[in-house]
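Enquirer: Structure provided below as structure tokens; questions to follow.
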Amino acid sequence: MIVQEVADILEELCPLGLAEDFDNVGLLVGDYQREVRGILVTLDALEDVVDEAIAKDLNLIVTFHPIVFKGLKKITGKNYVERTVIKAIEHKINIFSVHTALDNVMQGVNGKICEVLGIRDPEILIPKTGTVKKLVTYVPTEASEQVKEALFAAGGGNIGNYSHCSFSISGKGSFRPESGSRPTLGKKGETEITEEFQVHMTFPARLEKKLIRALFESHPYEEVAYEITTLDNAHQLEGMGMIGTLDKPLAEEDFLKRVREKMHTGVIRHSQFRGKPVQRIAVLGGSGGFAISAARSRGADVFLTSDLKYHQFFEAEKEILLADIGHYESEQYTKNLLAEYLTKKIPNFAIALTESKTNPIKYF
């Protein structure tokens with residue numbers, strides 16, 4: 001396999017187009033055409049992790065956090081980022097990051113937290129907006145089904161848990177083939193009026209090029225008329241955080257005990273107890289302070305996240321229990337998720353879960 005093939009497999013799980021604008025995902029060090037001898041999966045691609053990859057003869061590191069986040073103006077080895085990049089380049093180690101692309105999918109970071117904590121029927125907490133587009137095109141009646149099937153195959157027409165969604169309006173189209181044209185219907189210099197369907201179909205913005213290619217390849221006309229608009233609709237299966245329910249209500253203390261046991265954290269910073277049982281739980285791995293209001297508005301009893309600031313705990317307003325379990329702790333299972341996924345997709349390939357402990361925070 002080459003790096004590009006592994007990247008394509010990862011894109012099936014978490015399309016990089018879903019990453020946040022501020023993020024840096026994809027291949028950070030290396031060459032997409034380089035042959036892969038084996039994969040090391042980690043939460044953080046640090047110098048020790050590169051050493052581990054070298055020792056195990058694994059030349060692709062799949063990491064959650066990007067080692068290169070901000071631009072590098074110099075690479076002289078003066079800090080841990082530069083030293084990691086230099087060592088990776090020297091030993092031809094490729095580094096590929098998924099970060100917020102994996103945050104924004106149902107089966108990603110937050111889906112794993114829900115699985116570990118026994119949170120049922122999870123939904124996206126903050127659905128992404130601006131990621132849904134609509135295609136409108138005009139197709140001769142007899143070709144409308146073949147065009148729609150091609151668009152469905154390219155990923156169009158998926159709405160939530162439904163597929164093959166479209167809407168068609170019957171009408172009459174007109175056109176006059178001019179000099180240099182090669183019309184499928186009609187004659188040059190003569191106006192043609194034909195029965196057509198106006199076809200409407202929504203699709204994920206990241207699939208636009210693929211959908212347009214499918215439209216042009218399946219459409220019988222030499223010139224294809226179409227319109228694309230970006231919708232304000234939120235995508236209910238893409239976005240930050242998740243919210244779901246426990247099988248049965250728990251006392252606040254008992255739920256935090258479950259969190260401490262399952263998430264292997266010795267310290268949980270939390271807001272004042274409300275004195276009520278909890279059952280509806282919101283989670284957001286990593287720094288999630290920005291989502292407190294969303295968790296409250298969705299009726300969560302608890303919001304589990306990390307990196308909360310002092311004043312953010314006041315935002316609980318005794319309406320919700322805020323629980324900060326630590327950044328690493330909230331995302332620790334991400335590497336397991338990635339390793340399990342890649343092992344399933346590439347069963348006869350060397351895939352290892354890092355043995356390096358990358359959590360920079362220690363507790364006394």
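Enquirer: Go through the residues of segment 310-324 one by one and say whether even a single one is touching a Gly at 6+ places or on another chain (Cβ under 6 Å) and modelled with pLDDT of 95 or more.
Expert: The answer is yes; a qualifying residue exists.
Enquirer: Within the bounds of segment 100-108, is there any residue that is touching a Lys or Arg at 6+ places or on another chain (Cβ under 8 Å), in contact (Cβ under 8 Å) with a residue 60 or more places away in the chain and either part of a loop (DSSP other than H, G, I, E, B) or farther than 30 Å from residue 258 by Cα (or both)?
Expert: Checking segment 100-108: at least one residue is touching a Lys or Arg at 6+ places or on another chain (Cβ under 8 Å), in contact (Cβ under 8 Å) with a residue 60 or more places away in the chain and either part of a loop (DSSP other than H, G, I, E, B) or farther than 30 Å from residue 258 by Cα (or both).
Enquirer: Something else: Give the residue that is nearest to residue 112 (Cα to Cα), with candidates limited to residues of segment 283-300 that are without any contact (Cβ under 8 Å) to a residue 60 or more places away in the chain and open to solvent by 30 Å² or more (accessible area, probe 1.4 Å).
Expert: Looking at residues that are without any contact (Cβ under 8 Å) to a residue 60 or more places away in the chain and open to solvent by 30 Å² or more (accessible area, probe 1.4 Å), I get 287.
Enquirer: Moving on. Let me confirm something: among 329, 252, 319, which residue is open to solvent by 70 Å² or more (accessible area, probe 1.4 Å) and more than 18 Å from the chain's Cα centre (by Cα)?
Expert: Just one listed residue meets the conditions, 319.
Enquirer: Go through 47, 52 for me and flag whichever is open to solvent by less than 70 Å² (accessible area, probe 1.4 Å), over 23 Å from residue 344 (Cβ atoms) and in contact with a Ser or Thr (Cβ under 7 Å, 6 or more places away or on another chain).
Expert: That would be 47, the only listed residue that is open to solvent by less than 70 Å² (accessible area, probe 1.4 Å), over 23 Å from residue 344 (Cβ atoms) and in contact with a Ser or Thr (Cβ under 7 Å, 6 or more places away or on another chain).
Enquirer: Name the residue that is surrounded by the fewest Cβ atoms within 10 Å (Cβ to Cβ), counting only residues in segment 125-163 that are within 21 Å of residue 13 (Cα to Cα) and of a type in the set (Phe, Trp, Tyr).
Expert: 162
Enquirer: Hey, can you tell me all the residues within segment 78-124 that are open to solvent by less than 40 Å² (accessible area, probe 1.4 Å), among the charged types (D, E, K, R) and closer than 24 Å to residue 342 by Cα?
Expert: Of everything in segment 78-124, those that are open to solvent by less than 40 Å² (accessible area, probe 1.4 Å), among the charged types (D, E, K, R) and closer than 24 Å to residue 342 by Cα turn out to be 103, 112.
Enquirer: Could you grab me the full set of residues in segment 112-135 that are touching a Ser or Thr at 6+ places or on another chain (Cβ under 9 Å), assigned to a helix (DSSP H, G or I) and either farther than 17 Å from residue 331 by Cα or aliphatic (A, V, I, L, M) (or both)?
Expert: Scanning segment 112-135 gives a single hit, 113.
The values are calculated or read from the model by the stated rules, or taken from the named source; none is laboratory data. Here the structure is a predicted model, which is why all the values come from computation and not from measurement. All Cβ positions, glycine included, derive from the backbone under ideal geometry; neighbour counts span all protein chains shown. For the accessible areas, the whole protein counts, side chains as well, though only heavy atoms, and no ligand, DNA or RNA atoms are used. Shrake-Rupley method; radii C 1.70, N 1.55, O 1.52, S 1.80 Å.
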